[in-house]
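**Student:** The following block contains the structure, expressed as C-alpha cells.
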Amino acid sequence: MGCSSSLPDRNSVRSGGLNPENGGGNDAKNIRVKLVLLGDSGVGKSCIVLRFVRGQFDPTSKVTIGASFLSQTIALQDSTTVKFEIWDTAGQERYAALAPLYYRGAAVAVVVYDITSPESFVKAQYWVKELQKHGSPGIIMALVGNKADLHEKREVSVQDGMEYAEKNGMFFIETSAKTADNINQLFEEIAKRLPRPSPS
Amino acid sequence: MLSDSNSSSDDDQNPKPDATSIDQSLDAIENQLASISMSQSVSEFESESEHGIHEEETTELNHQDFRNGSLSEIDQLSLHNSVPEEVSRSEKDVDEPKASSSRLWTNAVEEEEVEAPSSPSSSGYAGERGSSSSASGILEVNNDGEIDAVRNDGEFDEVSDSQAPWVPGKRHGDEDDASISWRKRKKHFFVLSHSGKPIYSRSVIAAQLFLFHCSIGYGDEHKLAGFSATLQAIISFVENGGDRVKLVRAGKHQVIFLVKGPIYLVCISCTEEPYESLRGQLELLYGQMILILTKSVNRCFEKNPKFDMTPLLGGTDVVFSSLIHSFGWNPATFLHAYTCLPLAYATRQAAGAILQDVADSGVLFAILMCRHKVISLVGAQKASLHPDDMLLLSNFVMSSESFRTSESFSPICLPRYNPMAFLYAYVHYLDVETYLILLTTSSDAFYHLKDCRIRIETVLLKSNVLVEVQRSVVEGGMHVEDLPVDPASRSGTVSHLGQPRIPTGPPERFKEVFHGIGGPAGLWHFIYRSIYLDQYVASEFSSPISSLQQQKRLYRAYQKLYTSMHDKGVGPHKTQFRRDENYVMLCWVTQDFELYATFDPLADKALAIKICNRVCQWVKDVENEIFLLGASPFSW
C-alpha cells in the first residue's frame, strides 16, 4: 500500500494543485465545486462557513490559520446535489500572498466584507480585482456583506454593495452568520448559477 | 554588562569606550525600571546578598566515583543549606489594589465572557474582528490544550500547570489590573525592530499601545515608548562599538538582550531565572516568530528600515502568550528535548508504521501528538526534526483554536530545519487532544495529505491506538510511588510502566522512611533526559508537590539546576547534590542521560543516591513504553 505509487497519477489528475478532482466527480445530477472565501480578517468568513456546514455559530475568537477545508452538500429542487468543497482562507496580511494557492482552480469565489467596516469593503474590492486578474476564467463571484444583524452600526450601505456587485458582474447578498440570515440562500443562489455539466 | 564577543570573564577587562554615555543609558533604564516597579513592595525582593548562593556552592565530582555506572554514596558530596528562594510572591499580588487604568483590560475580559450586544466588538463577532481582541490575549490555550485565563498582564509566577484542571473563566486576583500588574510583573518580553519600532510586547498596556495606538491616560504609553527607545539606544550604542549587549543588571532586574539581525528581543526579569534560561526563552520567542514568518522577513527591513512588522503577526498573539506561559511549566523549553505519551511498545509501533508508510510517499514529517506529548513521529530519509522546532510547532498548533475546527493547510517554517523557507502543514485533530501534523515542501499537496490522513486515521482506529492514547492520558505517566523496590525482583507481570496490575501482588514500597508522602526515601519527583533520544520523561507530580505554586517553584529549581550543570565556565558537572529549605536535589549527568531528582529536604543522602540508581534502572526497564525508540532520524 502506499501513496507513493499512486502519487504521480494523482498529480496528473490534479494539475490544479488544490483543485478537487473535477474529472469523474461530476455528472448532471451530482455537481462538485470548489469554492473559496476571501476577505479581510474578522469579517466572519469562518462563521459563514460554520453556519452553513454545521449550523453553528461560535462568537469566540478563532483566527483562521492558513486555510481551513470543509465540505457540504446541498440538494436543489430539481434533485441535483451540489457538493461544495470550501476553502475558508485566513484574512491576515501575511497570508495574502498565498491566496492564489487556495483560489486557483476555484469555480466560485465568495468575497466577504463586514457591513460595519468600510475598510473591509475596500479590502473586498481588492480581492475582486485580484480574482478578475488571476482567478479561473468564468469564476462565479459573490459579494457578501456579513454581520447584517448589526444594522445600527452599519457603515456600508446596501446600495453601495449592490452597485459594486452589479458593476463587476457579481451576485450580491447580505448575511448574518450570527442569526443564520441568508446563509443558506447564499449557497443556494450560488448553486443555481453553476454551469450544469452536459450529460456524458 | 557581559558581552558576546568575549567570554564573560573577560568583560571586566574590556571597559566600554565611552563609559559615560552608556552609564547614562543604564541610569535611564534603572530609573524607568524603578518607576515601573514602584508599586512593588520592598519585601518582594530578597536582598542582593542572598542572590546566587546556590550556584556558587555546587559540587563537582570526579567520574571515578561512579562504580559500574552506579552512583555510589560519596561523602565528599557537600551539603549546603542555602538561603531558600523567595516564596509565593504571587500570593501577595492577589491583594493588590486595582488601578482605574484597568478599564480596557476588564472590558476585554467581559467581552469574552458575556455577549453584550451594545458595542461592535462585543457583537458576537468579538474575536472575529481580528487583532484587537486577540491582541489582548484574553484566553490562552496552554500546551495541554486547556484554556486558561491568561495572565497576559502576566503574573508569571503564578502560572498554572499542565496538571491543573481547567477552571472556566478562571481569573486571578491580579489579572484585571493593567498598569499596576504591568509594573509588578516579574518578567516582561519585548520585541522591537532595530529602528525601535515595537513588534511584540507581552503586556496589556503595551499591547494596547502598540496594536491599538490608543491612549488610556496616566502617561504610561510615554513611559513605555521612551523605554523602547532606551532599549534600542543601548543595543545600537554597543553594536556600533562592534560589540553586543547580553545582559544589563539594573538593581533587582536583569535585562537580557538578543539581537537577531534587524530584530531585537528583550527580556526584563526579576524572577532570578538564570541568564541562560532567559536567553533560551528569547531564542524560542524568536523561533516562534520565524515559524510564522520565516527569516525572509529580514528582507522587509532591508528595503525599509522603518518597516512595521506588527500587521504580519496579526492574530498570533495567543501563540506567543501560550509560548511564554509554557516557559513556566514545560521542561522542554529548557531541556531541549521532547516527551512522549507513555504507550505500550506495540501501540506506538503500530502508529509509527502507518506514519512511516505515509512518509515514504513524499511527506517530509508526519507527527502524531496528544497535547504536548509525542505519540509517534517519522521523518523522510535524512530529514531530522529538532526538539525546539517540535515545541514551537506544537505550541503553534495547540494555541491556534482554528485548527480544532476543521482540517487546515497552512504555511509554517521550522526554524531549525530551514529558517528561510516555508513548509506546508496539514493539521487535523483526530480527537479533542490528539492531532496529526503532516509537513510537506509542496504547496500543492493538500489532497494527497488529506488522503494520507484518512489512511492514518483508519489504521489508528482499527489498531485501537486512539483508545490506548486516551487510556494513557487518564492513567498518566510514571508515579514516584510506583518505583519498584528492588530491580532484581522485577516481575514479568507488569503491564503499565512497571506497575503491577494484579491485586494479589501489591507493590512493596519504601514506606519506612517517609510514609505516605511521595516515593521511597522521600523521592518527590524526577526528570530523566535521554541524551541520544533527545527525549525526556518527568514523573507525575504527587502529594508533596501538589499545588501549582509548588510545581512552579520546583520547575524553577530544575531550571536553575539544569543551568548550573551546563555552565560552560565551571562545568560540565557530573553530579550535584544540594539541600535547601525546600528540597534535596540530586543531579547526575552521564554520557547517556541526565537525571534530576527531587527529595524531601530531610532525605537521607545515602538513600537518595540509592534511589536515583533505582530510578535510572526503572526508566531503562520501561524505556520502550516511555520513549520513542528506533526512530533515529534525529541525528544532527
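Bear in mind these aren't lab numbers, they're just calculated from the coordinates by the rules spelled out. In this text the structure is predicted, and so the values were computed from the model without any measurement. Reconstructed Cβ throughout: ideal geometry from the backbone, glycine too, with neighbour counts over all protein chains shown.
**Student:** In the structure shown, do any of B:Lys295/B:Lys552; A:Lys45/A:Lys192; B:Lys252/B:Lys568; A:Lys34/A:Lys129; A:Lys83/A:Lys129; B:Lys260/B:Lys574 have a Cα-Cα gap over 29 Å, and if so which? Can you show the working numbers first?
**Tutor:** Details: B:Lys295/B:Lys552 33 Å; A:Lys45/A:Lys192 21 Å; B:Lys252/B:Lys568 25 Å; A:Lys34/A:Lys129 20 Å; A:Lys83/A:Lys129 27 Å; B:Lys260/B:Lys574 33 Å.
In this structure, B:Lys295/B:Lys552; B:Lys260/B:Lys574 exceed 29 Å between Cα atoms.
**Student:** What is the mean projected area of the alpha carbon convex hull for region B:518-636, to one decimal in square nanometres?
**Tutor:** On the way: hull surface 32.1 nm².
For the Cα atoms of region B:518-636, the hull's average projected area reads 8.0 nm².
**Student:** Can you tell me what percent of all Cα-Cα pairs in region A:85-152 are more than 14 Å apart?
**Tutor:** Working: 1363 of 2278 pairs.
In whole percent, the long-distance tail amounts to 60.
**Student:** Sorting check: for B:266-275, B:460-469, B:548-557, which peptide has the highest mean count of neighbouring beta carbons within 10 Å, and how do the rest follow? Could you put the intermediate results ahead of the total?
**Tutor:** Numbers: B:266-275: 22.0, B:460-469: 18.1, B:548-557: 19.9.
For the peptides B:266-275, B:460-469, B:548-557, the packing ranking is B:266-275, B:548-557, B:460-469.
**Student:** Next up: Quick one: Debye curve from the C-alpha atoms of region A:121-160, no solvent, what's log10 I(q)/I(0) at q = 0.23, 0.36 Å⁻¹?
**Tutor:** Reported log10 I(q)/I(0), two decimals: -0.82, -1.28.
**Student:** Among DSSP beta bridges lying fully in chain A, give the percent that are antiparallel, nearest 5.
**Tutor:** On the way: 10 of 34 bridges.
If I count the DSSP bridges inside chain A, around 30 percent turn out antiparallel.
**Student:** Which percent of the Cα-Cα distances in region B:398-466 go past 19 Å? Numbers along the way, then the final one.
**Tutor:** Working: 886 of 2346 pairs.
In whole percent, the share of Cα-Cα pairs in region B:398-466 beyond 19 Å is 38.
**Student:** Turning to a different aspect of this structure: Give me a single rounded figure for B:437-449: the average over its residues of other chain Cβ atoms within 10 Å of their Cβ. Don't skip to the answer; put the middle values down first.
**Tutor:** On the way: counts 0, 0, 0, 0, 0, 2, 7, 9, 6, 10, 11, 6, 1.
Per-residue shielding by partner chains comes out at 4.
**Student:** Contact order normalised by length for region A:83-178, with contacts defined as Cα pairs under 8 Å and 6 or more residues apart; what percent is it? Intermediate results must be reported in sequence, preceding the final value.
**Tutor:** Numbers: 122 pairs, mean separation 27.5, N = 96.
After rounding, I find 29 percent.
**Student:** Compare the Cα positions of B:Ser442, B:Ala380, B:Ser406 along the charge dipole of region B:367-486 (+1 at Cβ of Lys, Arg; -1 at Cβ of Asp, Glu; about the Cα centre) and return the one farthest towards the positive end.
**Tutor:** Most positive-ward Cα: B:Ser442.
**Student:** With springs only between Cα atoms under 10 Å apart, run a GNM on chain A and tell me which of A:Gly135, A:Gly145, A:Gly39 wobbles the most.
**Tutor:** With Cα springs under 10 Å in chain A, the top fluctuation among A:Gly135, A:Gly145, A:Gly39 is at A:Gly135.
**Student:** Let me make sure I get this right: for chain A, a, b and c are the square roots of the gyration tensor eigenvalues over alpha carbons, sorted descending. Under 1.5 in a/c it's rounded, otherwise prolate if a/b > b/c, else oblate. Which is it?
**Tutor:** Values: a/c = 1.69, a/b = 1.48, b/c = 1.15.
Prolate is the answer for chain A, as a/c is 1.5 or above and a/b outweighs b/c.
**Student:** Check which residues have an amide H placed less than 5 Å from A:Ser71's amide H, if you skip close sequence neighbours.
**Tutor:** A:Ile86
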